[in-house]
1. Please specify each residue of region 49-82 satisfying the condition of being touching a residue at least 60 places away in the same chain (Cβ under 8 Å) and farther than 17 Å from L26 by Cβ.
2. Within region 4-24, can one find any residue that is in a loop (DSSP other than H, G, I, E, B) and surrounded by 15 or more Cβ atoms within 10 Å (Cβ to Cβ)?
3. Can you tell me which of E48, E36 is in contact with a Gly (Cβ under 6 Å, 6 or more places away or on another chain) and surrounded by 14 or more Cβ atoms within 10 Å (Cβ to Cβ)?
4. Could you list, in sequence order, all residues of region 65-103 that are of a type in the set (G, A, S), surrounded by fewer than 12 Cβ atoms within 10 Å (Cβ to Cβ) and within 22 Å of I9 (Cβ to Cβ)?
5. In contact with a Ser or Thr (Cβ under 6 Å, 6 or more places away or on another chain) and among the basic types (K, R): does that describe R13?
6. Here are the criteria: (1) in contact with a helix residue (DSSP H, G or I) (Cβ under 9 Å, 6 or more places away or on another chain); (2) at pLDDT 95 or above; (3) not in a helix (DSSP H, G or I). Tell me which single one H73 does not satisfy.
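The values are calculated or read from the model by the stated rules, or taken from the named source; none is laboratory data. Keep in mind that what you see is a predicted model, and the values were worked out from it rather than measured. Glycine also receives a Cβ, built like all others from the backbone with ideal geometry; neighbour counts cover every protein chain displayed.
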Amino acid sequence: MTLTELEEIIATRAKASPEDSWTAKLLAQGRDKTAEKLGEEAIETVIEAVKGNKAGLTCEAADLLFHLLVVLHANEVRVADVMAELERRQSRSGLAEKAARQT
């Protein structure tokens, strides 16, 4: 599965009834709730990484990616736009890119 495929699945589920779809239910609660859920998944991912639990990290990373794409959908940001930004950043070193963002 690609991130673009997952984005398409989320877009389809977003159109479903909140009674039938977790994604639709979460989106119906608004951007704040989707962002809160992303934060929860990020924390759970960090915990599994610190524990060195490869299986747990894999599961939590999947949850994190899923909920990141839900947040992107809620804010009308496309995966292609994020990938384009990552591609743009590849033209310079990570240190130079980070320094440029601080100005």
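1. Selection gives R78, V79, A80.
2. For region 4-24, residues in a loop (DSSP other than H, G, I, E, B) and surrounded by 15 or more Cβ atoms within 10 Å (Cβ to Cβ): present.
3. Numbers: E36 fails: in contact with a Gly (Cβ under 6 Å, 6 or more places away or on another chain).
Answer to the check: E48.
4. Filtering region 65-103 for residues of a type in the set (G, A, S) gives 74, 80, 84, 91, 93-94, 96, 99-100.
From what is left, the residues that are surrounded by fewer than 12 Cβ atoms within 10 Å (Cβ to Cβ) are 80, 84, 91, 93-94, 96, 99-100.
Listed by number, the residues that qualify are A80, A84.
5. Values: in contact with a Ser or Thr (Cβ under 6 Å, 6 or more places away or on another chain): yes; among the basic types (K, R): yes.
The answer is yes for R13.
6. (3)
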